[in-house]
Every structure is written in structure tokens, then in C-alpha cells.
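Report on the structure given below.
The values are calculated or read from the model by the stated rules, or taken from the named source; none is laboratory data. What you see is a predicted model; the values in this text were computed from it and never measured. In this analysis, Cβ positions are derived from the backbone assuming ideal geometry, glycine residues included, and neighbour counts consider all displayed protein chains.
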Amino acid sequence: MRGFILAVLFVTGLGWGNQSPAQTTPDPPQAILTIDPERLFSDSLFGERVAAEIAADTESLQKEFQQLEADLTAEERDITEKRASLDPVEFRKLADAFDAKVQEIRRVQDAKARDLDRRLEQERAAYLNLVLPILGELMNERGAAIVLDHRMVFAVASGVDITDEALQRIDATLGDGKTQDTAPQE
């Protein structure tokens, strides 16, 4: 795969050393562009908003878990103290009920954590749908046929990575995605 990408880069004239440092004309149209998809989301206003919301919800979930843990510890201590005065059958009923309660709380808390992960992935997918037209505009302006994940490219000429330019346009168009209409602007 790397050999193919390098071959494409050299065939299209994007190989090393094809621009002199003194060159002052704008970069020629690029047939292949790269982008950092992680930065495209995380460094955008939209991504920063989502990250802040998820972090706040995660912190709230952690506080809830800590309170549940404290309550369960107190309840366990109470059951343990009652052990000496209870009939073994009664104690077993209390212990089993407590174990079932702990398992249910763990199941519910795990589901809440999975929901946060799912929400992050849904937000990322929604974001991608909103930014595709903006990336399409950049491709058209640069005469590009393809945008690759920069992690998949072995070597690249300057001016091929459009992450920063895409972020500027996306932030200008979408903002944080919450305070304005998130439909792509024409």
C-alpha cells in the first residue's frame, strides 16, 4: 500500500523536492489531499463542545457512582453487623438481596457509561455528515479527487494537508453546533 501511495505521489508530481523554497506562487492544485480526522473533530468548536458535555456527564456519573459506592459500603457494614444476631437463613436472604442490588447497580452504571460512549460516536457521525459538504468545497477549490487520512500517507508535499483550513471553515460555518442551525450553509 505504501509503495502505491508513493508511486501516486511521484506520478502526480507531489514527491519530495518539487518546490523551491523561493517559490512564491500559490500551491498548484493537488490531486490528493490529506486531513487529520481526529483533529478535525477534537479541535473544532463542535468537537470541543461535545467533549465538554461528555466530560461533564462523565464527572456527574462518577459522582453518582461514588455516592452509590458509599451507600453500598454502609449497607454492607450494616448487614455484616446484623450477621451475629440473625438466623443464618435470614442472613443469607439479606446477603443475596444485597448482592443482587449491587449487580443491578453495576449493570445500570455500565449502561450509562456505554451510553456516553455511544453518544460521542453519534456526535462524531453527525459532525462528519455536516462537514462533508465543506470538505467537498475544499476539494473542488484545490482540484482534488481524494482526501486521505494523513496517518495512511508515508510522505507528502507541503500544502496537501488541509486540516487547519478545513477547521477554520467548519468553525465559521457550524460554530459549536449547538448555538446555531447546524445545517450546512450554502
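Residue by residue, here is whether (1) closer than 21 Å to Glu53 by Cα; (2) basic (Lys, Arg); (3) buried (at least 16 other Cβ atoms within 10 Å of the Cβ); (4) without any contact (Cβ under 8 Å) to a residue 24 or more places away in the chain holds:
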residue: Leu86; (1), (2), (3), (4): no, no, no, yes
residue: Asp117; (1), (2), (3), (4): yes, no, no, yes
residue: Ala157; (1), (2), (3), (4): no, no, yes, no
residue: Val160; (1), (2), (3), (4): no, no, yes, no
residue: Asp164; (1), (2), (3), (4): no, no, no, yes
residue: Lys178; (1), (2), (3), (4): yes, yes, no, no
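Results for (1) surrounded by 13 or more Cβ atoms within 10 Å (Cβ to Cβ); (2) over 27 Å from Ala52 (Cα atoms); (3) modelled with pLDDT of 95 or more, shown as yes or no for each residue.
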| site | (1), (2), (3) |
| --- | --- |
| Leu120 | yes, no, yes |
| Leu167 | yes, no, no |
| Thr182 | yes, no, no |
| Gln185 | no, no, no |
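Output the residues belonging to region 51-84 that are farther than 30 Å from Lys178 by Cα, surrounded by fewer than 12 Cβ atoms within 10 Å (Cβ to Cβ) and hydrophobic (A, V, I, L, M, F, W, C).
Ala70, Ala74, Ala84, listed by residue number.
Within region 129-140, does at least one residue satisfy the condition of being modelled with pLDDT of 90 or more and farther than 15 Å from Leu40 by Cβ?
Yes; the residues of region 129-140 include at least one that is modelled with pLDDT of 90 or more and farther than 15 Å from Leu40 by Cβ.
Residues checked against (1) modelled with pLDDT of 95 or more; (2) farther than 30 Å from Ala51 by Cβ:
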{"position": "Gln67", "(1), (2)": "yes, no"}
{"position": "Val89", "(1), (2)": "no, yes"}
{"position": "Leu94", "(1), (2)": "no, yes"}
{"position": "Phe98", "(1), (2)": "no, yes"}
{"position": "Glu104", "(1), (2)": "yes, yes"}
{"position": "Val108", "(1), (2)": "yes, no"}
{"position": "Ala111", "(1), (2)": "yes, no"}
{"position": "Arg114", "(1), (2)": "yes, no"}
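Using beta carbons and a limit of 6 Å, which pairs, at least six apart or on different chains, have the first residue in region 59-80 and on the phi < 0 side of the Ramachandran plot and the second one basic (Lys, Arg)?
Leu61/Lys112
Of these, Leu138, Leu128, which one is outside any loop (DSSP other than H, G, I, E, B), of a type outside the set (Asp, Glu) and surrounded by fewer than 16 Cβ atoms within 10 Å (Cβ to Cβ)?
It is Leu128.
Condition check: out of contact with any Cys (no Cβ under 8 Å at 6 or more places or on another chain), more than 20 Å from Glu38 (Cβ to Cβ) and β-branched (Val, Ile, Thr). Does Val108 satisfy that?
Considered against the rule, which asks whether it is out of contact with any Cys (no Cβ under 8 Å at 6 or more places or on another chain), more than 20 Å from Glu38 (Cβ to Cβ) and β-branched (Val, Ile, Thr), Val108 comes out as yes.
Scan (1) outside any helix (DSSP H, G or I); (2) of a type outside the set (Lys, Arg); (3) under 24 Å from the mean Cα position of the chain (by Cα) for the single condition Ala144 breaks and write down its number.
Result: Ala144 fails condition (3) only.
Being in a loop (DSSP other than H, G, I, E, B) and under 23 Å from the mean Cα position of the chain (by Cα) narrows it down to one of Gly177, Gly159, so name that one.
Gly177
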